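The values are calculated or read from the model by the stated rules, or taken from the named source; none is laboratory data. All values reported here derive from a predicted model rather than from experimental measurement. Here Cβ is always computed from backbone atoms with ideal geometry, including for glycine, and neighbour counts include all displayed protein chains.
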Amino acid sequence: MFDFRTCDTVCRLLGMEWSKDTSSLRRKIHMNCAETRELILEYYGRLADLTATAPVKEGIPRIQLRIGYIPSTNQQILLHILAMCAYDIPILDSLSHSSDPYLRLELYPRAFFPFSMFPPETTETKKKTLNPKWNETFQMAIPEEYFFTNGSCLCLTVLDHDVMSYNDLAGQALIPLSTIPRLRSLAAKHLPPPIVLPLILPIPTQYNQIFKILEQRSPRDQLAHEVTYYEKYLRDYRILPSNAMDDKECSINNRLTLARNRQRLKHVFHSFIKN
């Protein structure tokens, strides 16, 4: 058990700030002593803050939805989402000078919401548009204790579907579950007004002190490794990692098959021309 009184004594001898709540040293020690799950929750809570404070205006990728919850049985919360549309998705397909966007919905962190129990949901892919309209409804059953835990979030990820390659990341938005309004019923008339959220790509400020501590723990802590590996993969490659269970991601075998078929067709076509 960490003894803060010892630090009080040492810092007084060194003339360092310690007693105030704003002490940077105190915060660092507190974070290093925190359990990995606590740090992961705080990390995703801060990512959600980035969504909440980012500008929402024309020209910036953004998503529109209606969302709310109702209490269910067995201490469960039923989350109801109407994924409506998105605006100003970037051009991610250089051949068509457009995108084929779809929306992925999942719960963070996976320490609480493993894929085996809470698989991600996806909308249909809308072809060759930067302003897709989905108007699809999703429902997720979530344990009440996790729903109201600070740091538990709904992650909305828009990707460009690519049959021959990887699905490119257009941006993400995180919503803290505890901020989602309660509904009177699931009737359409009781849904709250639409909200518009910015879609953000990874930015340097999100890899803060909390993330660095998780990174330091990752060689010996599986939970820390999963989070840091996933986040760095998004940052470095702008695609989902292979363990993301993206049902629209073309597998390596499928890609190879498509490439072989295309090569065969090309060969047949050239043979036909010669004959």
Please determine, by comparing only the residues of segment 240-269 that are modelled with pLDDT of 85 or more and of a type outside the set (A, V, I, L, M), which one is surrounded by the most Cβ atoms within 10 Å (Cβ to Cβ). D246
Restricting the search to segment 145-162, which residues are of a type outside the set (S, T, N, Q), surrounded by 14 or more Cβ atoms within 10 Å (Cβ to Cβ) and not in a strand (DSSP E or B)? Y146, F147, G151, H161, D162
Which residue pairs have Cβ atoms closer than 7 Å, lie 6 or more positions apart in sequence or on different chains, and pair a first residue in segment 111-131 that is closer than 30 Å to E38 by Cβ with a second residue that is modelled with pLDDT under 95? F115/M245; P119/M245; P120/M245
Hey, any hits in segment 184-199 for a residue that's touching a helix residue (DSSP H, G or I) at 6+ places or on another chain (Cβ under 9 Å), in a helix (DSSP H, G or I) and either surrounded by fewer than 18 Cβ atoms within 10 Å (Cβ to Cβ) or at positive phi (or both)? no
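For every residue, the table says whether it meets (1) at pLDDT below 95; (2) in a loop (DSSP other than H, G, I, E, B); (3) touching a strand residue (DSSP E or B) at 6+ places or on another chain (Cβ under 7 Å); (4) of a type in the set (V, I, T).
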| position | (1), (2), (3), (4) |
| --- | --- |
| M84 | no, no, yes, no |
| L95 | yes, yes, no, no |
| R104 | no, no, yes, no |
| E124 | no, yes, yes, no |
| W134 | no, no, yes, no |
Please work out if Y237 is touching a helix residue (DSSP H, G or I) at 6+ places or on another chain (Cβ under 8 Å) and either under 25 Å from N167 (Cβ atoms) or modelled with pLDDT under 95 (or both). no
Could you list, in sequence order, the residues of segment 51-82 that are part of a loop (DSSP other than H, G, I, E, B) and over 16 Å from C155 (Cβ atoms)? P55, V56, K57, E58, G59, I60, S72, T73, N74, Q75
If A48 meets every condition in (1) in contact (Cβ under 8 Å) with a residue 40 or more places away in the chain; (2) farther than 17 Å from A173 by Cβ; (3) assigned to a helix (DSSP H, G or I) apart from one, which number is that one? (2)
Report every pair of residues separated by at least 6 positions or lying on different chains whose Cβ atoms are under 9 Å apart, first residue within segment 52-74 and charged (D, E, K, R), second part of a loop (DSSP other than H, G, I, E, B). E58/D88; R62/V56; R62/D88; R62/L199; R66/L191; R66/P192; R66/P193; R66/P194
Counting just the residues of segment 235-250 that are assigned to a loop (DSSP other than H, G, I, E, B) and of a type in the set (A, V, I, L, M), which one comes out nearest to the chain's Cα centre (by Cα)? L240
Count - residues of segment 213-234 that are among the small types (G, A, S) and either closer than 15 Å to Y166 by Cβ or in a helix (DSSP H, G or I) (or both): 1
Selection count where residues are touching a Lys or Arg at 6+ places or on another chain (Cβ under 9 Å) and surrounded by 15 or more Cβ atoms within 10 Å (Cβ to Cβ), scope segment 110-139: 11
Take the residues of segment 75-109 that are touching a residue at least 40 places away in the same chain (Cβ under 8 Å) and over 19 Å from A173 (Cα atoms): which is surrounded by the fewest Cβ atoms within 10 Å (Cβ to Cβ)? Q75
